[in-house]
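Engineer: Submitted below is the structure of interest, expressed as structure tokens.
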Ligand SMILES: [Ca+2]
């Protein structure tokens, strides 16, 4: 269990733990859904954030979210608060539908009620409600979460 680093984080009165990423060299990363993930606090626009994520790992991208459990974990990872943060959702060009920058299927979404309101083509979380999605202008500067698939 060399790489099973348990990170215990306390937010208010709730205590949640993340399992460490099993990939060697990524000890600061934790498991979120089927990914190893890391929250970067430095603020960048969406394109810069995606490029930074691609530089972290050969399969690195802004994180994609595929179920409610992963969305809950992502909310906790980003502080369980209103800290607006990029995830990998982006509007498809010339279409009113959404895609993930890692190329995975858009099979889950958790919009703030009333969103997406069409203001911007990139997806942030923690706007208005912790963990929920909002569309916003891609040039906005935000912290972000990078991820890569857990290697089998
Ligand atoms: Ca919006």
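Please treat every number below as a calculation from the coordinates, not as lab data. Worth saying up front: this structure is predicted, and the values here are computed from it rather than measured. Note that each Cβ is placed from the backbone with ideal geometry, even for glycine, and that neighbours are counted across all protein chains shown.
Engineer: Could you work out the relative contact order of the chain? I mean the mean sequence separation of Cα pairs under 8 Å and 6+ apart, divided by the number of residues, in percent.
Structural biologist: 29 percent
Engineer: Further question on the same structure: Which translational diffusion coefficient, to the nearest whole µm²/s, is obtained for the chain from the Stokes-Einstein equation, given a Kirkwood hydrodynamic radius over C-alpha pairs, 37 °C and 0.692 mPa s?
Structural biologist: 213 µm²/s
Engineer: Would you work out if segment 77-152 is rounded, prolate or oblate? Take a ≥ b ≥ c from the square roots of the eigenvalues of the alpha-carbon gyration tensor; rounded if a/c is under 1.5, else prolate when a/b is larger than b/c, oblate otherwise.
Structural biologist: Cα axes put segment 77-152 in the oblate bin.
Engineer: Continuing with this model, one more query. Measuring from a point 7 Å past the Cα of residue 81 along Cα-to-C-beta, which residues in segment 115-152 have an amide N at less than 18 Å?
Structural biologist: 125-132, 142-145
Engineer: Any chance you could check the Cα centroid distance between segment 124-152 and segment 24-93 for me, in angstrom?
Structural biologist: 6 Å
Engineer: Can you give the calculated 222 nm mean residue ellipticity of the chain, where each DSSP H run of n ≥ 4 adds -39,500 (n - 2.57) and the sum is split over every residue, rounded to the nearest 500 deg cm²/dmol?
Structural biologist: -3500 deg cm²/dmol, from helical runs alone.
Engineer: So between residue 106 and residue 24, what do we pick up on full extension, going 0.36 nm a residue minus the alpha carbon distance?
Structural biologist: 26.6 nm
Engineer: Follow-up question, since we're still on this one. Could you grab the relative contact order for segment 21-88? Cα pairs under 8 Å, six or more apart, rounded to a whole percent.
Structural biologist: 29 percent
Engineer: Quick check on the exposure proxy: order 92, 99 from fewest to most C-beta atoms within 10 angstrom.
Structural biologist: Starting with the residue having the fewest Cβ neighbours, the order is 92, 99.
Engineer: Arrange the following residues from fewest to most other Cβ atoms within 10 Å of their Cβ: 84, 27.
Structural biologist: Arranged by neighbour count, lowest to highest, 84, 27 become 27, 84.
Engineer: Moving on to the next point. With a 10 Å Cβ neighbour count serving as the proxy for reagent exposure, in which order, fewest first, do 61, 44, 35 appear?
Structural biologist: 44, 61, 35
Engineer: Pulled fully out, how much extra length does the chain show between residue 41 and residue 137, if you take 0.36 nm times their separation in residues and subtract their Cα-Cα distance?
Structural biologist: 32.7 nm
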